[in-house]
Every structure is written in structure tokens, then in C-alpha cells.
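The values are calculated or read from the model by the stated rules, or taken from the named source; none is laboratory data. Please read all numbers here as calculations on a predicted model, not as lab measurements. Cβ: placed from backbone, ideal geometry, glycine included. Neighbour counts: every protein chain shown. Surface accessibility is based on the protein's heavy atoms, side chains included, excluding ligands, DNA and RNA. Shrake-Rupley method; radii C 1.70, N 1.55, O 1.52, S 1.80 Å.
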Amino acid sequence: MSLDMSSSQKASDLISHARSVVEQAQHALNTSLSYIKSLCINESGRLSGSKLDEYQLVSYELAYSSAEIAAANTMCNYATQIREAKGDQDNAYLEEEIALMFCAEAVQNTRSRLSARQNEFGLSTEQFSTAFETDNTVKFCQEYQQTSKLVELGNFMLDQDGRTADYLLDEDKEIMRESFQRFASDVVMPKAEHIHRDDLMIPDEILKPLVEMGCFGLSIPEKYDGLLVDGKEDNLGMIVVTEELSRGSLAAAGSLITRPEILSRALLAGGTEEQKQHWLPKLAWAEPFCAVAITEPDFGSDVAGMKLKAEKVDGGWVLNGAKTWCTFGGKAGVLLTLARTNPEPGLGHKGLSMFLVEKPSSDGHEFRHELERGGVISGKAIPTIGYRGMHSFDVFFDNVFVPDSHLLGGEAGLGKGFYYTMAGFSGGRIQTAARANGVMQAAYEKAISYSKERKVFGQRLGNYQLTLVKLARMASLMTASRQFTYSVGRLMDEGKGQMEASLVKLFACKSSEWLTREAMQIHGGMGYAEESAVSRYWIDARVLSIFEGAEETLALKVIARSLIENAA
Ligand SMILES: Cc1cc2nc3c(=O)[nH]c(=O)nc-3n(C[C@H](O)[C@H](O)[C@H](O)COP(=O)(O)OP(=O)(O)OC[C@H]3O[C@@H](n4cnc5c(N)ncnc54)[C@H](O)[C@@H]3O)c2cc1C
């Protein structure tokens, strides 16, 4: 698959050119990060959180630009790997053209953000010009953003039936991808609309085969009866499966794995050997299903503030209080629950511990269980605009007794609940990026097919320039997001990549909002109808920037803070 677009210059030289342009943009970001650091260092030489809050806007823009530029770097690597894999030829490969376009857009976007308040970013006119106004950069951005190039790519993509650039996966992962893609198309997609519109629980026809295929044990080592080869990480495998299932439905398939992923990571990080032996084999085969109860009515992003009360009694703990947004909390037989075991004011996150709270499983929108061990746990599903299929519950703990054996980490785990939450969520971010990629692919396929079918003013929609430009940008953004996610997954397999996982989560989730919006827009009035899948894709995509690290919290407290702290 190749495009006859860049024959005048060798594609590999063009990629080197792109790299140098992207590098300049990165340099400007580094300069700015150092500048903000200099403004926010307190007398003891440490970064001051309250000072940093005075620079939220620039911090957010730096975080988002860093994510986009990191994605551009990934695209340069991807283009190089494509040529290595496919061999030399005169014309540019589709993947190389997409990489060039994406780099041009990322640099242009970064330029616009920084130019709006150049002085606040601490960039002198000269520094800004060196980064963004050299002939090299200006020509590159103009060339790869020109309408004719976008139209050519749009036309090319229109002929591909929703197929996009090469996924560049090894054979094992490709087989995995294809089998879950088939499952999503044949089993999930036909049921997804019904589940969404009638707000139903995911049926057994989806749940059972996913359990049988081992999806719940993807992050659980073989020695605990999971699928993970002992001693090895396989984030990429989890990413590929999540993406394909999310293409079928975000809520009724792709997000199912998130819960065992979070629980197993928390258990592996903090559980005693006995707890791992007991729980991990059960979670791997969804016996029982599990859910995560961290968020409270008054505390979401601010995990350290959680206050669900756990009081020590003979043989265990008694839990009282409320959790909210506990997704799949009805169907689940065990809830990973963060509670305050030490009420001493001022202890903050150090007063939190993690419990595994057992309860009976149920399918409806409400539950109330008098527990054998003592106490009552009840829940009510929160009506939501999308993300339907698992139901997200308000959960109430009324004198719920939890034995000592269910305190994560045992005695040694006391006060470490916050860290176990973070360990659990470390895989959640990259997985959410994969979820965003799956939703984008689904929306993109619909946008392509509708552009081919629909006639307006006597011509098919796909003949118009504006439609073609949209399709080209969709292909470019989605490919960048996918390849960025894969590259971070590979990094995480080597035990690295935590910061990159936050960057890609931020980038992929925002991208999915734009892409699903445009796919919906291409459908005109039909896009607004409940019966078209694109309306669901758009609504579902909206939630991705809210959970697993709300966009602003992630950008400010995790990404910007760390980038600024580590700036030269
Ligand atoms: C459909 C759905 C499913 C969910 N499933 C689960 C689940 O299974 N388990 C679970 O525990 N939770 C779950 N959640 C909860 C989710 O993780 C929280 O909604 C999220 O952490 C945000 O918390 P919050 O809603 O309390 O928002 P808040 O923390 O109140 O934040 C409100 C807004 O303020 C922004 N903000 C935060 N800090 C700052 C700051 N310093 N400066 C500027 N802006 C800031 C946030 O980004 C956000 O936009 C789910 C949520 C939804 C919507």
C-alpha cells in the first residue's frame, strides 16, 4: 500500500526532516518547563504545589503539548520501522505520509499554544523563532498540512473500507488482534445498541466467552492461574485485546478487563502471598467478578481525602460510609475498597488502607444484601448518558464486617491503601488509551461507510473536500494514538513508561472526543439518532477523559508536575 505523494524526495529523508522539526518543538517545551520550574521552587529547593497552581493554564498546555510531541516522536519511529519491515521503494508508504502529516499538525498545534502567551511560557522571541519560525519548520508544516495532501490521503482512506495504516504487530499479537476483532464484530456489535438503549446488564453471551478466552486473567501470572507468562509483563497483549473489544463496545466489552486489571495489580503490589494465592486464580476466571470502590461522593480526584470509615474490631474491621461510581458493583462478588483505617487528622493518604469486600452478585439496577459476616451493603445504579452495560453504583456500607484476612497486605498493608490504589491504576491509564483507540476505530469505520453511501447536493459526501480532510485527519490522529499506545505498552513491558502512560492517556482520550464528534457530524441528523452507533460512540468517548485520572488532574498533578520537577 503506497501513495505517490513524496516521490521528489526520499521518504526516509523526509522522516529525518520531521524528526528535526519535532526536536525543535521539544526543545521549546523543555525551555518552558525549566522556566516554570524556576518560578515554582520554594526556599528549600523543592517544587511548591501551591505556587504551581498559579500556573495551571500554562502547565496544562505544556502537559498536552508534551503528549502531542511525544506522539509525533513515536510516529517518526513508526515510519522508520515501516520502511525496515516493508523494504525500500521510491514512493512514500501510507504510514510515512500519515507520520509526516501528524508531525506537522503536532508541531503546529504546539506552536499555536505557546505563541498565544509566549512570555508566560518564558520563551524569548529568539527562542520561539528558533523552535517554530525557521524555514525548515515553516515549510515542513505548510507542506504536510496543505489541503491537497489531506484530500489525497482522505481519498485513499475512503477506498480502504475502514482499514487504516499497518498495526505493525508481531505474528502472535496479530493473531490475538484478529480473533478479538472477529469476536467484537460477530458477538458484541450486534448486541451493543440494545444494551445501551435499554440500559441492560452485559449478557452472558458476551461475558462467558470472554471469561473462557482468559480475558480476565490477562494481567495475572500463570503461577496464579492467569495468562501472563511468569516473570513477564504483557501490556501490549492487554492493549490489543482491549482495543478490539472496545471497537465492539466500550461499555459492554472493552471496559470489562479494567476491573481485574486494577485488582490484580493492586494485589500483586501489596497482597500477602496467601492473598495472592487465594484471590488471583479466582479473579482470572471471574469467580467472582470484581469491581473497584475508590471514589466517594466528596472525593474523586483527591484520593488522599477519602473518608469511608474502617474501625478495628475483634478479628477484623467494620466499614461505614458511602462510595460512588462503583462500576459493575452489582454483578461483582468482591469490591476493592479504599477505607480510612486511621482517622487522625493530618495523616491524609497515610491513613488509608485497602480491603477486599465480599458480597453476593446481582444483575439489577439496585441491590441490598444482609451479609453473613455482619452488616448491610446496598447500591443504586446512577443513571448515565452512556457507558451502559455494567451499571455504575452508589454503594452504602452499613456496619459491614470485613475479616483481617481481607485487609490488603495484612498488618503490613495498614496505611498503604493509597499506594495500592496507584499501583492498581498504573495499568488503568494505558488500558484507557487502548479503549479510546477502539472507540475511534469503530467511529472511523462508520464515518468512512457513511461518506461513501450518503448523497448530498447530488454527490456522495465523500466527494467533498471537507469530508476528505476530516477522514484524513481522523486516520492520522487514530494511527498516532494507536502507535503511541503500543509503544508505551512495550515500554511498560520493560518495567518503564509510567509517565508515558499518563501522556498517552491524556492524548488518546481527547483525540477520541474529536474523532467521534466528527464521525457523528458526518452522519448529519442520523448521527444524532439513538439508533446510529456513532451517537453512542460519541457519548461513550466523553467518559474516557473523566475516569482513570480526570483530564485536568492528570495533566496538572501527574504530568506537568513531574515534567516540571524533572526539568533541567
Ligand atoms: C461512568 C463512570 C464510571 C466510573 N467508574 C468508577 C469505578 O469503577 N470506581 C471508582 O472508584 N470510580 C469510578 N468513577 C469515578 C471517577 O474515577 C471519578 O469521577 C474521577 O476520579 C473524578 O472524580 P470526581 O468525579 O469526584 O471529580 P472531581 O474530583 O470533583 O473533579 C471535578 C473536575 O475538577 C477537575 N480538577 C480536579 N483537580 C483539579 C485542580 N487541581 N485544578 C483544576 N481542576 C481540577 C477534574 O479534572 C474534573 O474535571 C467512574 C466515573 C464515571 C463517570
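Mean sequence separation of contacting Cα pairs (under 8 Å, at least six apart), scaled by the length of the chain, corresponds to a relative contact order of 18 percent.
Can you tell me the accessible area per residue over the chain, all protein chains present, probe 1.4 angstrom, in square angstrom?
40 Å²
Between Asp404 and Asp204, the distance separating the two model label sites (each 7 Å from Cα on the Cα→Cβ line) works out to 4.0 nm.
Looking at the range 44-113, what % of the alpha carbon pairs are farther apart than 13 Å?
Details: 1687 of 2415 pairs.
Result for the distance tail: 70 percent.
Restricting attention to the range 130-287, lysine pairs at least eight places apart or on different chains and with alpha-carbon atoms under 27 angstrom apart total 16.
For the pair Val313 and Arg368, what calculated FRET efficiency results from E = 1/(1 + (r/R0)^6), where r is the Cβ-Cβ distance and R0 = 30 Å, to the nearest 0.05? Efficiency at R0 = 30 Å is approximately 0.85. Count Lys and Arg as plus one, Asp and Glu as minus one, and take only other residues whose Cβ is under 13 Å from that of Arg19; the net charge is then -3. On the range 425-568, 53 percent of the accessible area sits on carbon and sulfur atoms, based on a 1.4 Å probe.
How large is the direction-averaged shadow of the alpha-carbon convex hull of the range 208-257, in nm²? Don't skip to the end; give the middle numbers.
Numbers: hull surface 12.9 nm².
It is 3.2 nm².
For the chain, just run the numbers: alpha carbon Rg, then divide by 2.2 N^0.38 Å, N being how many residues it has.
0.99
Shown in residue order for the range 14-20 are the 3J(HN,Hα) couplings computed by the Karplus curve 6.51 cos²θ - 1.76 cosθ + 1.60 at θ = phi - 60°: 5, 5, 4, 4, 4, 4, 5 Hz (x for Gly and Pro). Here the spin labels are modelled as points 7 Å beyond Cα on the Cα-Cβ line, and at Glu84 and Tyr464 they lie 4.3 nm apart. When the range 240-336 is described by a simple charge dipole with +1 on each Lys and Arg Cβ and -1 on each Asp and Glu Cβ, the residue from Cys290, Gly270, Gly330 located farthest towards its positive end is Gly330.
Which FRET efficiency value, to the nearest 0.05, do you get for Arg46 and Lys496 by plugging their Cβ-Cβ distance into 1/(1 + (r/R0)^6) with R0 = 22 Å? Please list the in-between numbers first.
Working: r = 25 Å, r/R0 = 1.13.
Calculated value: 0.35.
Along the range 199-206 the Karplus relation, 6.51 cos²θ - 1.76 cosθ + 1.60 evaluated at θ = phi - 60°, assigns HN-Hα couplings of 6, 9, 6, 4, x, 4, 4, 9 Hz to successive residues, with x for each Gly and Pro.
Each of Met201, Met101 has its accessible area taken with a 1.4 Å probe; listed largest first, they run Met201, Met101.
Scoring 107-114, 220-227, 93-100, 516-523 by mean Cβ neighbours within 10 Å over their residues and listing the highest first yields 93-100, 516-523, 107-114, 220-227.
Could you look at the range 145-300 and say what percent of its accessible area is carbon and sulfur, using a 1.4 Å probe and all protein chains?
On the way: 2860 of 6160 Å².
About 46 percent, which is the carbon plus sulfur part of the accessible surface.
Local charge for Lys223 was computed over the other residues whose Cβ lies under 10 Å away, with Lys and Arg +1 and Asp and Glu -1, and equals -2. Ellipticity at 222 nm from helices only: DSSP H runs of n ≥ 4 in the chain, each -39500 (n - 2.57), divided by the residue count, give -17500 deg cm²/dmol.
Over the range 168-273, what is the mean sequence separation of C-alpha contacts under 8 Å (at least six apart), divided by residue count, expressed as relative contact order in percent? Spell out each step's value before the answer.
Values: 100 pairs, mean separation 33.0, N = 106.
Relative contact order of the range 168-273: 31 percent.
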